[in-house]
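One structure is given below, encoded as structure tokens.
Here, each number is a calculation from the coordinates, and none is a lab measurement. Bear in mind the structure is a predicted one, so any value in this text is a computation, not a measurement. Backbone-built Cβ (ideal geometry, glycine too); neighbour counts: all protein chains shown.
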Amino acid sequence: MAVCRKKTRSGAVYEVEFYPVPDGIKNARHSEPIPENIRTPEQKEEYNRHQSEKRFVRSVNTTFTSESFYDTLTYDDEHYPDSYYKAEKELEKYIRRLRYCNPNARIVAVTGYGSISGRLHHHLIIDGANDKDILRLWTNGKVAKHENLREHNYYNGVDYGEDFTALACYLHRHTPAGHRGKRWKQTKSIIKPVQDTAIAKRVNSEKNPPEAPEGFVLVEVRKCEYYASGYIYFKYVREVRGKLSIQPDFSRAGLTVGGLTVPAYTPSG
């Protein structure tokens, strides 16, 4: 059985995956890691969620930088929608208005319920839009949060720089359980990661990882429960240089992604 090597560049993140492929595969560039032990509908659903999250994280890391905005839109009582569907429609109208004023804006957005209040609200990441337009065009309530993405993101005490995996995972998991359809909305201007897949002439190991690209450092090596034996993953992030603008904060429990605990983003609403 041959082994494929897939390289993925998503902004400040560079990933290398090795995984087995069936004998006789015609085009390695179209191959993907093989799922394993996916037997029940629940396992299939969780696997699909994992795949969706991976695509979303890569899109966020590729498209946005610390100059992009993170916003939370909430509703007042007068404009509160009586269903998730109607809230989604209000979000679509807001995005259209914002894009009308800022045609080059890139946006991803999710809708969810507040963990404490239980109220519907929206989270967005926005790039290429005037911040005054972002604030004035939401007329259904408040823009409860409007801030730049973090320039320094800490994972287990290590500065990963502009790796927005924690925020992207939080947003992807914000969609209510049982929701059918896509978990997020995005503009067509979202940038896709750059990928290269080929049959590997050499398979690296945990003790002998691939050489880091210039300006990047290795931060993670792991296997994955969703894929067949032989899968191994290496993650690199762009090296952080210069004086840090903030200090790490480990006072709150965060998400667990790939075995690493990452800082939590405090939900609003």
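Note: relative contact order over the chain, using C-alpha pairs below 8 Å and six or more positions apart, is 30 percent. Scaled against the 2.2 N^0.38 Å expected of a compact globular protein of N residues, the Cα radius of gyration of segment 110-254 reads 1.31. Note on residue 29/residue 92: beta-carbon distance plugged into 1/(1 + (r/R0)^6) with R0 of 41 Å gives a FRET efficiency of 0.75. With the dipole of the chain worked out from charges on the C-beta (+1 for Lys and Arg, -1 for Asp and Glu) around the Cα centre, which of 1, 181, 12 lies farthest toward the positive end? About the Cα centre, the residue reaching furthest to the positive side is 1.
The spread of Cα positions in segment 1-90, taken along each principal axis and listed from longest to shortest, comes to 62, 39, 19 Å. Modelled spin labels at residue 76 and residue 119, positioned 7 Å past Cα toward Cβ, are 1.1 nm from each other.
Taking every alpha-carbon pair within segment 4-160, the share separated by more than 20 Å comes to 63 percent. Considering only 230, 112, 161, the Gaussian network model of the chain with Cα springs below 10 Å gives its largest mean-square fluctuation to 230.
Computed about the Cα centre, the dipole magnitude for segment 94-228 is approximately 980 debye when only Lys and Arg (+1) and Asp and Glu (-1) carry charge, each at its Cβ. Here 146, 50, 172, 121 are placed in order of increasing Cβ neighbour count within 10 Å, fewest first, which gives 50, 146, 172, 121.
Dipole orientation for segment 65-162: of the candidates 81, 141, 121, 81 has the Cα lying most toward the positive pole (charges on Cβ; Lys, Arg +1; Asp, Glu -1). Taking Cα centre as origin and charging only the Cβ of basic (Lys, Arg, +1) and acidic (Asp, Glu, -1) residues, the dipole magnitude of segment 81-165 rounds to 540 debye. Each of 34, 126 was scored by other Cβ atoms within 10 Å of its Cβ. Arranged with the fewest first, they read 34, 126.
Over segment 1-110, Cα pairs under 8 Å with separation of 6+ residues give a relative contact order of 20 percent. A straight Cα-to-Cα reach below 19 Å connects residue 6 with the aspartates and glutamates 15, 17, 23, 32, 36, 53, 196, 206, 211, 214, 220, 225, residues fewer than 8 places away in its own chain not being considered.
For the chain, the fraction of C-alpha pairs farther apart than 25 angstrom is 50 percent. Residue order for 154, 85, fewest other beta carbons within 10 angstrom first, comes to 85, 154.
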